[in-house]
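Student: Structure incoming, see below.
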Amino acid sequence: MHAGQGNDEPAVVAATVETPRADLVPDGTRVAAFFDVDNTIIRGASAFHLAVGLYRRGFFRNLDLVTFAFQQARYRAFGENRRQIDEVRARALDIMRGRSVAEVTAIAEDVYDEVLSLRIYPGTQALLDAHLAAGHAVWLVTATPVEIGELIARRLGATGALGTVAEHDEGFYTGRLVGDLLHGEAKASAVRALAEREGYDLDRCHAYGDSTNDVPILSTVGHPCAINPDGRLRRHAAEVGWPVREFRHRRTQARRGVNAASLAGLVWAGAVVVRAVRRSLRRRVGGL
């Protein structure tokens with residue numbers, strides 16, 4: 001049984017999901033479907049929700065949470081930006097230095113159960129399930145840490161995940177990356193390497209993404225598709241003739257709705273910080 005179905009409208013899902021045709025796959029040919037994660041499978045940025053879970057367990061400061069929340073809101077409103085992603089990556093790596101891989105993985109499991117499972121787009125999950133039913137391999141390809149990608153893949157029954165690899169030594173994060181952030185062209189390179197290793201025919205493979213930064217991976221396969229695309233990817237898809245699937249709730253497709261959700265995220269983060277500061281002050285006053 002898969003994760004929760006969220007609040008998207010079933011009628012929209014039923015009208016937009018088509019089962020991939022297994023009869024198009026000749027005998028002996030291996031086919032895979034590659035899915036981006038954030039805003040393609042999961043509403044919002046999965047790393048942000050992990051950051052909230054880590055914050056609640058004392059991993060970092062109130063200001064860090066506000067910074068991550070601001071980045072999440074900006075991402076939801078305007079899409080991805082490489083400079084912003086690099087800033088978040090650098091801060092996150094610094095925070096994780098010296099932390100236990102096992103501890104972070106356990107927290108990620110809780111975050112999935114408590115938050116991420118409720119934010120999965122039913123339409124994307126139905127599409128993913130259809131690929132599995134057709135006998136296709138299904139890989140998640142994400143800039144999110146590979147541990148998170150693998151966790152989501154395991155919970156959804158996917159084949160596996162490619163993600164950003166944070167270096168660790170004897171079970172503890174070092175604060176450095178192995179290679180580069182899996183983003184943009186790096187995603188496409190990783191998919192090509194995986195296809196060569198596994199024997200996938202990329203001309204018959206499928207890929208799904210939401211951002212203009214997913215154009216390299218979408219261009220790598222014979223069957224690209226934009227899911228919940230940002231403005232630039234939507235325009236590009238129209239220019240090159242790629243199909244577009246919209247699994248967001250109708251209310252959130254309008255820019256006003258997205259901006260309202262982004263503002264709500266900032267207000268929520270601010271409220272969390274205020275409550276934390278008040279608790280800290282009460283403890284200090286009580287100790288006097």
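Student: Would the stretch 93-217 count as rounded, prolate or oblate if I go by the C-alpha gyration tensor, calling it rounded below 1.5 in a/c and otherwise prolate when a/b exceeds b/c, oblate otherwise?
Tutor: oblate
Student: Something else now. Quick one: pull the percentage of alpha-carbon pairs in the stretch 114-175 with a separation above 20 Å.
Tutor: 34 percent
Student: What is the sum of charges around THR220, taking Lys and Arg as +1, Asp and Glu as -1, for the other residues whose C-beta is under 11 Å from the C-beta of THR220?
Tutor: -1
Student: Same structure again: Please list 164-174, 133-143 highest first by mean number of surrounding beta-carbon atoms within 10 Å per residue.
Tutor: Ranking, from highest mean packing down: 133-143, 164-174.
Read-outs: derived from the displayed coordinates by stated rules, not from any lab. All of these numbers come straight from a predicted model, not from anything done at the bench. All Cβ positions, even for glycine, are placed from backbone atoms using ideal geometry, and neighbour counts span all protein chains on display.
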